[in-house]
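The next block holds one structure in the form of structure tokens; read it before the comments.
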Ligand SMILES: Nc1ncnc2c1ncn2[C@@H]1O[C@H](COP(=O)(O)OP(=O)(O)O)[C@@H](O)[C@H]1O
Ligand SMILES: [Mg+2]
């Protein structure tokens, strides 16, 4: 059983072997922990900077037993970890953080929006879609265009399609393979923001200043942070994040994606129960970055300061863009983070660059 605060020298398990796992592992190492990566794919970017790697499916009983023999605390870098895996780890005496509730909520877009609204974190109006008739009724109620998203497993804009008008209803349903879905009213937002926040084992909550996010082709292109916000909007963002964390009895870092509406009020788009791409600016822009913050939280350490030290523009390096590394490495104000992935496939996040400038007022 884990004893908190977890002592340096202990091993933390991370489920998932991509860039988020890699940056979590680097942060854990700095605090004196070893990391075990469990991932179905051998040789990922996370495993190569970690003390232990297990290449096995997440639900492999043998792998989970091995993990439990080495690590007393486990976390994950992606939200689609099966609930059964979390239960199996808990049965083996491993502390899993964040726990099964945040995972379940974040895995299903209908459950997520239902939870958010019940927690005082407002969202767009929505309808659960199980049949073509549901979709017709949904469009009647929410109007067109409206956004149809699969309930589960969407990311980077995948599994989403706009229902343009009544005539498009059947074709749109076909475009998402008639999967269980959510229909969302169109958010007429002026900006997309996100707040990265954390809750410790003692219930302490911190929130980084919000960043402003720009997407291209459904993928995060860049984040500018800290975003300039009115005091009322800033307070709203922090209140929303704190409500979500507290209601979920959360331990660790969470990403809360927000729409800023014309009148300044905020709607929650979605939550990610993990460190988040839009928080990468904290690596070079804050006293304690989101990765160290997550490790501190799950290890039962005190949370660190979220004070910004610089204005940061974080730009993702997607696919072949990473080939610009020699030029980026020569830019004085650019901090380069490369994920150690082999092949620069189209749409694949290969690294990011943080460009720093002095903090605005
Ligand atoms: N209801 C909505 N109205 C308008 N735009 C939306 C809506 N929902 C999502 N989007 C746009 O699509 C992007 C991706 O949607 P999101 O729900 O965040 O899915 P993903 O899991 O792929 O990130 C958002 O960042 C936003 O730009
Ligand atoms: Mg999103």
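Reported count of residues in the range 153-177, each being surrounded by 15 or more Cβ atoms within 10 Å (Cβ to Cβ) and either outside the structural domain of residue 136 (by TED's automatic domain parsing) or more than 16 Å from ligand 2 (Cβ to nearest atom) (or both), is 7.
Yes or no, residue by residue, for (1) modelled with pLDDT under 95; (2) out of contact with any helix residue (DSSP H, G or I) (no Cβ under 7 Å at 6 or more places or on another chain); (3) in the same structural domain as residue 254 (by TED's automatic domain parsing); (4) crowded, with 22+ Cβ neighbours inside 10 Å:
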{"site": "59", "(1), (2), (3), (4)": "no, no, no, no"}
{"site": "66", "(1), (2), (3), (4)": "no, yes, no, no"}
{"site": "72", "(1), (2), (3), (4)": "yes, yes, no, no"}
{"site": "90", "(1), (2), (3), (4)": "no, yes, no, no"}
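Scanning the range 69-98 for residues that are touching a residue at least 24 places away in the same chain (Cβ under 8 Å) and under 14 Å from residue 34 (Cα atoms) yields 70, 71, 72, 73, 74, 75.
Using the structure shown, decide if residue 282 is away from ligand 2 (no atom under 15 Å from the Cβ), more than 25 Å from residue 309 (Cα to Cα) and modelled with pLDDT of 95 or more. Criteria not met by residue 282.
Residue 206 - would you say it is surrounded by 20 or more Cβ atoms within 10 Å (Cβ to Cβ) and either assigned by TED's automatic domain parsing to the domain that holds residue 231 or more than 24 Å from the chain's Cα centre (by Cα) (or both)? Against the criterion (surrounded by 20 or more Cβ atoms within 10 Å (Cβ to Cβ) and either assigned by TED's automatic domain parsing to the domain that holds residue 231 or more than 24 Å from the chain's Cα centre (by Cα) (or both)), residue 206 qualifies.
Kindly evaluate residue 296 against the criterion of being under 30 Å from residue 111 (Cβ atoms) and touching a helix residue (DSSP H, G or I) at 6+ places or on another chain (Cβ under 8 Å). So residue 296 fails the test. Annotation: residue 148 fulfils all but one of (1) over 29 Å from residue 249 (Cα atoms); (2) surrounded by fewer than 20 Cβ atoms within 10 Å (Cβ to Cβ); (3) within 23 Å of the chain's Cα centre (by Cα); the unmet one is (2). Out of 179, 187, 146, one residue alone is touching a strand residue (DSSP E or B) at 6+ places or on another chain (Cβ under 6 Å), within 24 Å of residue 244 (Cβ to Cβ) and either at pLDDT 95 or above or away from ligand 1 (no atom under 14 Å from the Cβ) (or both). It is 187.
Counting only helices (runs of 4 or more DSSP H) that sit wholly inside the range 1-96, those with at least 3 residues that are under 24 Å from the mean Cα position of the chain (by Cα) and more than 26 Å from residue 348 (Cβ to Cβ) are 83-91.
The values are calculated or read from the model by the stated rules, or taken from the named source; none is laboratory data. A quick note: this is a predicted structure, and the numbers were derived from the prediction, not measured. Positions of Cβ are generated from backbone atoms using ideal geometry, with glycine treated the same way; all protein chains shown enter the neighbour counts.
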